[in-house]
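The values are calculated or read from the model by the stated rules, or taken from the named source; none is laboratory data. Keep in mind it's a predicted model, so treat the numbers as computed, not measured. With ideal geometry, Cβ positions are generated from the backbone for all residues, glycine too; neighbour counts draw on all protein chains shown.
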Amino acid sequence: MKLILTIASILLCLSLPARAQSTDTAPFDTDLQRLAEILGSLQYLRGVCGANEGQKWRSEMQTLIDAEAPSGERRRKIVASFNRGYRGFQQTYRTCTPAADIAIRRYLDEGAKIAREITARYAN
(Lines give C-alpha, C1' and ligand atoms only; values in the text may rest on other atoms or scores of the structure.)
Protein backbone atom coordinates (compact mmCIF):
# COMPACT_ATOMS: atom_id res chain seq x y z
CA MET A 1 0.00 0.00 0.00
CA LYS A 2 2.88 2.37 0.84
CA LEU A 3 4.25 1.94 -2.71
CA ILE A 4 0.88 2.75 -4.29
CA LEU A 5 0.57 5.94 -2.25
CA THR A 6 4.05 7.08 -3.22
CA ILE A 7 3.39 6.23 -6.87
CA ALA A 8 0.33 8.45 -6.62
CA SER A 9 2.56 11.29 -5.45
CA ILE A 10 4.86 10.68 -8.44
CA LEU A 11 1.86 10.91 -10.74
CA LEU A 12 1.03 14.30 -9.29
CA CYS A 13 4.63 15.39 -9.77
CA LEU A 14 4.78 14.16 -13.36
CA SER A 15 1.51 15.79 -14.31
CA LEU A 16 2.65 19.24 -13.20
CA PRO A 17 3.42 21.82 -15.90
CA ALA A 18 7.15 21.84 -15.05
CA ARG A 19 7.80 18.60 -16.89
CA ALA A 20 11.04 17.86 -18.67
CA GLN A 21 11.56 20.23 -21.57
CA SER A 22 12.64 17.46 -23.91
CA THR A 23 10.60 14.43 -24.82
CA ASP A 24 13.86 12.53 -25.38
CA THR A 25 14.91 12.31 -21.74
CA ALA A 26 14.01 13.50 -18.29
CA PRO A 27 16.39 13.87 -15.36
CA PHE A 28 14.56 11.10 -13.50
CA ASP A 29 14.45 8.57 -16.35
CA THR A 30 16.91 6.15 -14.71
CA ASP A 31 14.82 6.13 -11.54
CA LEU A 32 11.61 5.79 -13.55
CA GLN A 33 13.06 2.80 -15.42
CA ARG A 34 14.07 1.16 -12.14
CA LEU A 35 10.59 1.76 -10.76
CA ALA A 36 9.11 0.19 -13.89
CA GLU A 37 11.35 -2.86 -13.43
CA ILE A 38 10.18 -3.15 -9.82
CA LEU A 39 6.54 -2.93 -10.91
CA GLY A 40 7.12 -5.73 -13.44
CA SER A 41 8.79 -7.85 -10.78
CA LEU A 42 5.90 -7.28 -8.39
CA GLN A 43 3.35 -8.11 -11.09
CA TYR A 44 4.91 -11.55 -11.45
CA LEU A 45 5.95 -12.27 -7.86
CA ARG A 46 2.71 -11.16 -6.21
CA GLY A 47 0.82 -13.37 -8.64
CA VAL A 48 2.96 -16.45 -8.05
CA CYS A 49 2.71 -15.89 -4.29
CA GLY A 50 -1.09 -15.85 -4.41
CA ALA A 51 -1.78 -12.20 -3.66
CA ASN A 52 -4.90 -12.31 -5.90
CA GLU A 53 -4.26 -8.76 -7.08
CA GLY A 54 -4.94 -9.45 -10.75
CA GLN A 55 -3.36 -6.79 -12.94
CA LYS A 56 -2.75 -4.32 -10.08
CA TRP A 57 0.96 -3.69 -10.76
CA ARG A 58 0.50 -3.63 -14.53
CA SER A 59 -2.24 -1.05 -14.00
CA GLU A 60 0.10 1.02 -11.80
CA MET A 61 2.64 0.87 -14.62
CA GLN A 62 0.05 1.98 -17.17
CA THR A 63 -0.96 4.86 -14.91
CA LEU A 64 2.68 5.90 -14.64
CA ILE A 65 3.09 5.80 -18.43
CA ASP A 66 -0.14 7.73 -18.94
CA ALA A 67 0.99 10.43 -16.48
CA GLU A 68 4.46 10.81 -17.96
CA ALA A 69 3.33 10.29 -21.58
CA PRO A 70 6.75 9.24 -22.85
CA SER A 71 7.16 8.64 -26.54
CA GLY A 72 9.64 6.92 -28.77
CA GLU A 73 12.80 5.65 -27.13
CA ARG A 74 11.81 6.83 -23.63
CA ARG A 75 8.60 4.82 -23.75
CA ARG A 76 10.40 1.79 -25.15
CA LYS A 77 12.95 1.86 -22.32
CA ILE A 78 10.33 2.19 -19.60
CA VAL A 79 8.21 -0.63 -21.01
CA ALA A 80 11.30 -2.80 -21.54
CA SER A 81 12.23 -2.27 -17.89
CA PHE A 82 8.81 -3.49 -16.74
CA ASN A 83 9.07 -6.53 -19.00
CA ARG A 84 12.62 -7.27 -17.82
CA GLY A 85 11.46 -7.26 -14.20
CA TYR A 86 8.55 -9.56 -15.00
CA ARG A 87 10.48 -12.01 -17.16
CA GLY A 88 13.48 -12.13 -14.86
CA PHE A 89 11.39 -13.59 -12.05
CA GLN A 90 9.24 -15.63 -14.39
CA GLN A 91 12.37 -17.56 -15.40
CA THR A 92 13.40 -18.08 -11.78
CA TYR A 93 10.22 -18.75 -9.78
CA ARG A 94 7.44 -21.16 -10.64
CA THR A 95 6.11 -21.25 -7.08
CA CYS A 96 6.25 -18.92 -4.13
CA THR A 97 9.28 -19.44 -1.93
CA PRO A 98 10.64 -17.66 1.15
CA ALA A 99 13.15 -15.95 -1.17
CA ALA A 100 10.28 -14.69 -3.36
CA ASP A 101 8.56 -13.26 -0.27
CA ILE A 102 11.78 -11.48 0.69
CA ALA A 103 12.14 -10.10 -2.85
CA ILE A 104 8.56 -8.79 -2.71
CA ARG A 105 9.20 -6.96 0.57
CA ARG A 106 12.46 -5.51 -0.71
CA TYR A 107 10.90 -4.33 -3.98
CA LEU A 108 7.97 -2.73 -2.17
CA ASP A 109 10.42 -0.83 0.02
CA GLU A 110 12.74 0.12 -2.85
CA GLY A 111 9.84 1.20 -5.07
CA ALA A 112 8.42 3.39 -2.31
CA LYS A 113 11.86 4.94 -1.74
CA ILE A 114 12.34 5.72 -5.45
CA ALA A 115 8.86 7.21 -5.66
CA ARG A 116 9.51 9.44 -2.64
CA GLU A 117 12.88 10.57 -4.02
CA ILE A 118 11.48 11.44 -7.45
CA THR A 119 8.70 13.41 -5.83
CA ALA A 120 11.06 15.20 -3.43
CA ARG A 121 13.52 16.14 -6.19
CA TYR A 122 11.21 17.07 -9.04
CA ALA A 123 7.93 18.26 -7.55
CA ASN A 124 7.53 22.03 -7.46
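Can you tell me which residue in the range 18-42 is surrounded by the fewest Cβ atoms within 10 Å (Cβ to Cβ), limited to those that are hydroxyl-bearing (Ser, Thr, Tyr) and at pLDDT 90 or above?
Thr30
I'd like the full set of residues that are small (Gly, Ala, Ser) and part of a loop (DSSP other than H, G, I, E, B), limited to the range 69-118. Break it down stepwise before answering.
Taking the range 69-118 as the starting set, the residues that turn out to be small (Gly, Ala, Ser) are 69, 71-72, 80-81, 85, 88, 99-100, 103, 111-112, 115.
Correct list: Ala69, Ser71.
Could we say that Ala26 is of a type in the set (Gly, Ala, Ser), free of Cβ contacts under 8 Å to residues at least 40 places away in the same chain and not in a helix (DSSP H, G or I) here?
no
For the list (1) surrounded by 18 or more Cβ atoms within 10 Å (Cβ to Cβ); (2) part of a helix (DSSP H, G or I); (3) in contact with a Pro (Cβ under 9 Å, 6 or more places away or on another chain), I need the number of the one condition that Arg121 fails.
Checking Arg121 against (1) surrounded by 18 or more Cβ atoms within 10 Å (Cβ to Cβ); (2) part of a helix (DSSP H, G or I); (3) in contact with a Pro (Cβ under 9 Å, 6 or more places away or on another chain), the one that fails is (1).
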